[in-house]
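Just below is one structure, and these are the notes that go with it.
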Amino acid sequence: MTHSRSSQFNNAELYENSYKENFSFWENWKLFLETLDESKVAKAQEHLQNFIKNDITGKTVIDFGSGSGLMSLCFVLLWAKKVLSVDIDDNSIECAKILRKKYEISEDIWEIQKGSILDEEFVSSLWKFDIVYSWGVIHHTGNMWKWLANISKLVDVGGLLYIAIYNKSNILIEWTSGFWEKIKRIYAKNRLIRPLFKLIYTSYYILGLLTNGINPIRYIREYKSESMRWMDFFRDIEDWLGGHPYEYASVEELEKFYTDLWYAMTNTFRARSIGCNELLFVKK
Ligand SMILES: C[S@@+](CC[C@H](N)C(=O)[O-])C[C@H]1O[C@@H](n2cnc3c(N)ncnc32)[C@H](O)[C@@H]1O
């Protein structure tokens, strides 16, 4: 397997993809591709390896809701035997394919398929994996608990389930989450209103930084290296506003849910606010 580090790549043909009626992550992925560099890939790999702790060499992996494909790429670069990336969004699929081509990875090692976690026939047609990874996806399905159970069927005995789900940690945050559900619904449905929402939310965010004595210019400049997804500030704002349907759960709720399904939680990364909790389970 050769992982060329050449960054010469022309993805112009994909820019012809048209916008969809509903919110698509494509604009985000396009910007992501333009700004992706080796240090971001290295940081993403490091995070993955530090969280999973187990050796990824020779493992089979499914990345459900692969988005940009960055984490699928990391699994490949960490010597997974086989990685299957699945996403419902054509543009995300194209983005992952651009990365695969750029890194000269064979389709036998990194397979990319369009598919939905909501498609039971598709999910049951898949084999079992050593690692099932789904970061920031199932809370966008509109029936989170059902699909959290469904995705766990893809984990082989002794295998790992790595998920990230929006946090709900206390009464105040639960109220906040309900409020955001409405805002995101409006944003996803009304393209014309998006610039206004972006402006209001960005201004509100910056005001929050200023009142906490944080320099917003430095914060925005350093955001990429601090952010878990290695996205820049403005791209993350779009990701946040555009991600709908939107559900949430606490670490404790998820731990209980998967314990009942015969999993043991082996690692967590707790979100500070209403961001994503990351959880790692092993199937007993
Ligand atoms: C917030 S992005 C996260 C992307 C990626 N997992 C990451 O960690 O950067 C959510 C992704 O889930 C995908 N998605 C949403 N609903 C899905 C579904 N029902 N089946 C598969 N993918 C889905 C979206 O298209 C999008 O690419």
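Only the coordinates and a few stated rules stand behind these numbers; no lab work does. This one's a predicted model, so the numbers in the text were calculated from it and none came from an experiment.
Below is a table of values for the structure above.
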quantity	calculated
5 Å-binned pair-distance histogram of the stretch 39-139 (Cα, whole percent)	3, 14, 25, 27, 20, 9, 2, 0
Centre separation in Å (Cα based) which lies between the stretch 194-222 and the stretch 103-122	37
Full-extension gain in nm, Asn215 to Thr202, via 0.36 nm per residue minus C-alpha separation	3.2 nm
Karplus (6.51, -1.76, 1.60) ³J(HN,Hα), θ = phi - 60°, over the stretch 91-99, in Hz, Gly and Pro reported as x	5, 5, 4, 5, 4, 4, 5, 4, 5
Cross-link pairs beyond the 19 Å C-alpha cut-off, checked among Lys59/Lys146; Lys30/Lys102; Lys256/Lys284; Lys97/Lys153; Lys168/Lys256	Lys59/Lys146; Lys97/Lys153
